[in-house]
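Please read the structure below before turning to the comments.
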Amino acid sequence: MAKDKVVLAYSGGLDTTVIIPWLKENYDYDVIAVCIDVGQCDDWEHIKARALKTGASACYVVDARQEYVEEYIWPALKANAVYEDEYLLGTSTARPLIGKILVEYARQEGAVAICHGATGKGNDQVRFELAIKAFAPDLKVIAAWRDPKWNMDSREAEIKFLEDRGLEVPMKKDQSYSRDENIWHISHEGLELEKTSNEPNYKHMLKNTVVPEEAGAGEYVTIEWEKGIPVSLNGKKMNGLELMLELNKIAGRNGVGIADICENRCVGMKSRGVYETPAGTVLYFAHRMMDHICLDRDTYHYKQQVALRLAELIYDGKVFTPLYDALMAFVDSTQQTVTGWTKVKLVKGMIRAAGSDSKYSLYNENIASFTTGELYDHKDAQGFITLFGLPLKVRAMMEQSVGEGRAIAESKSLKKRPTE
């Protein structure tokens, strides 16, 4: 009789390598390992061989990089979605896609369960499982670190588990930071970062970014946009994947995109991490430049509010929800005229605006100029200010009539200033 199948989100790291024999021993499943490449730069052939050697009955490798960039990163970019002021949602944008692909393989393989190796303290368990619930509420989810049959509570215990079975250990015992990498970013947690009083050891830590003070003299980057999506880099048309790969190199060598954040996880605790998001940081900056010239005041200001809510939804793994779809429909409508070019200069970790233009630009030199012209007369402002300030004037008149408030002559809000 054929065994039931479980699809495992397999990264080739320590946790998921342990999970393959653990699943076979505790659930007697056939394990289908699925490796999803969202830009980790891993040796997938070696990882696939490891999965099979460790006991997986099959291992599939999916190149989802371009899908990730164009269907998950670009929407967040168009929205200018940033979590807690600095986090550009690197891991957050990738997890829903990974969860969806796991469901696709579970359906193709006729699996009864999906397993992941996210810990019970992190955000990723939430993101994976919300994606699975959205597409396959009938499938069982096995979260190894929360499972009552899981009796390993440290990396040392996991290493011993593999060594006891004569299996390859895919890491050294002195492994440094806990990292998550994709084409959008790389995160670093652990070691000195576990104390907020410590400065990050950037020279030891950074992988994709030069320490800013050690970067060169800087360089210019020009990006062309079509409806809020970058389509060209320094005059060369590129698809999303090509553009990300090239811009990561440029921004990385200029020290751009490092963020040290103590953030609020959706599971209720704070965590500190250092994120490298070189290309993403440039793109967010340059995209805001396009929004600034192409969107009217009311739309831009409301879009800022929408961006905050979208960032929360993405961070919490609520991408496959009606609210996300509705808010993204609003964002897409705002981007219909966000077409043109932006130029920035990258200098030792900083980004400076160096010009932008669009045929849809709402900037009108005839109006913005200090010179009085037909479209705007300085005298026109008088009536506007009279009406705009009318509520303030009416309130102040009331305060004077009752002898209370900031508008009275002896108001405590008014300070005495020196006269000599």
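The values are calculated or read from the model by the stated rules, or taken from the named source; none is laboratory data. Note that the coordinates shown come from a computational prediction; the quantities given were computed from them, not determined experimentally. Here Cβ is always computed from backbone atoms with ideal geometry, including for glycine, and neighbour counts include all displayed protein chains. Just so you know, the surface numbers come from the protein's heavy atoms only, side chains and all, with ligands and any DNA or RNA stripped out. Shrake-Rupley method; radii C 1.70, N 1.55, O 1.52, S 1.80 Å.
Taking the Cβ of Val34 as the centre, find all other residues whose Cβ is under 10 Å away and add up their charges (Lys, Arg: +1; Asp, Glu: -1).
-2
With runs of 4+ DSSP H residues as the only contributors, calculate the mean residue ellipticity of the chain at 222 nm using -39,500 (n - 2.57) per run, divided by the residue total and rounded to the nearest 500.
It lands at -12500 deg cm²/dmol.
Mind putting a number on the dipole of the chain about its Cα centre? Charges go on the C-beta only, +1 for Lys and Arg and -1 for Asp and Glu, and I need it in Debye to the nearest 20.
Computed charge dipole of the chain: roughly 660 debye.
How large, in percent, is the carbon and sulfur part of the accessible surface of the chain at a probe radius of 1.4 Å?
51 percent
Taking +1 at the Cβ of each Lys and Arg and -1 at the Cβ of each Asp and Glu, which of Asn151, Pro170, Tyr105 sits farthest along the dipole of segment 73-186 towards its positive end, judged by Cα position relative to the Cα centre?
Tyr105
From the square roots a ≥ b ≥ c of the eigenvalues of the alpha-carbon gyration tensor of segment 206-296, which class results: rounded (a/c under 1.5), prolate (a/b over b/c), or oblate?
It comes out oblate by the Cα gyration axes.
At 1.4 Å probe size, what's the solvent-accessible area of Lys207? Round to the nearest 10 Å².
110 Å²
Only one of the listed values, (i) -0.56, -0.68; (ii) -0.76, -0.86; (iii) -0.50, -0.62, was derived from the coordinates as log10 I(q)/I(0) by the Debye sum over Cα atoms at q = 0.08, 0.09 Å⁻¹; which label is it?
Label of the calculated value: (i).
Quote to one decimal, in nm, the extra length available between Lys236 and Phe135 on full extension: 0.36 nm per residue of separation minus the C-alpha distance between them.
This chain segment gains 32.5 nm when fully extended.
With +1 on the Cβ of every Lys and Arg and -1 on the Cβ of every Asp and Glu, and nothing else charged, how large is the dipole of segment 190-246 about its Cα centre, in debye rounded to the nearest 20?
The dipole magnitude comes to about 180 debye.
Compute the normalised compactness of segment 116-220: alpha-carbon radius of gyration over 2.2 N^0.38 Å, N being the residue count.
Cα Rg divided by the expected 2.2 N^0.38 Å: 1.43.
Once each part is reduced to its C-alpha centroid, what is the distance from segment 119-180 to segment 43-60 in angstrom?
Taking the Cα centre of each part, segment 119-180 and segment 43-60 sit 17 Å apart.
Where the centroid of each part is defined by its Cα atoms, how far is segment 365-420 from segment 259-286 in Å?
The distance from the Cα centre of segment 365-420 to that of segment 259-286 comes to 42 Å.
Provide the solvent-accessible area of Phe330, counting protein heavy atoms only and rolling a 1.4 Å probe, rounded to the nearest 10 Å².
Number for this one is 60 Å².
Output the pairs from Lys121/Lys195; Lys100/Lys318; Lys100/Lys237; Lys249/Lys343; Lys5/Lys48; Lys78/Lys343 with a Cα-Cα distance over 23 Å in this structure; if there are none, say none.
The answer is Lys100/Lys237.
With both bridge residues required to lie in the chain, what share of the DSSP beta bridges run antiparallel, to the nearest 5%?
Approximately 65 percent, going by the DSSP bridge assignments.
Farthest toward the dipole's positive end in the chain, which of Leu283, Cys115, Ile36, given Cβ charges of +1 (Lys, Arg) and -1 (Asp, Glu) about the Cα centre?
The one lying farthest along the dipole's positive direction is Leu283.
Size of the dipole of segment 11-157 about the Cα centre, Lys and Arg at +1 and Asp and Glu at -1 on the beta carbon, nothing else charged, in debye to 20?
Taking the Cα centre of segment 11-157 as origin, the dipole is about 300 debye.
How much length is gained on full extension from Tyr360 to Ala326, taking 0.36 nm per residue of separation minus their Cα-Cα distance?
9.7 nm
Applying 1/(1 + (r/R0)^6) with R0 = 45 Å to the Cβ-Cβ distance of Asp380 and Asp85, what FRET efficiency is obtained, to the nearest 0.05?
So, using R0 = 45 Å, E works out to roughly 0.75.
Tell me which of Asn239, Leu52, Gly273 sits at the most positive position along the dipole axis of the chain, charges placed on C-beta atoms (Lys, Arg +1; Asp, Glu -1).
Gly273
Find the accessible area per residue for the chain; the probe is 1.4 Å, ligands and nucleic acids are left out, and the unit is Å².
Solvent-accessible surface per residue comes out at 52 Å².
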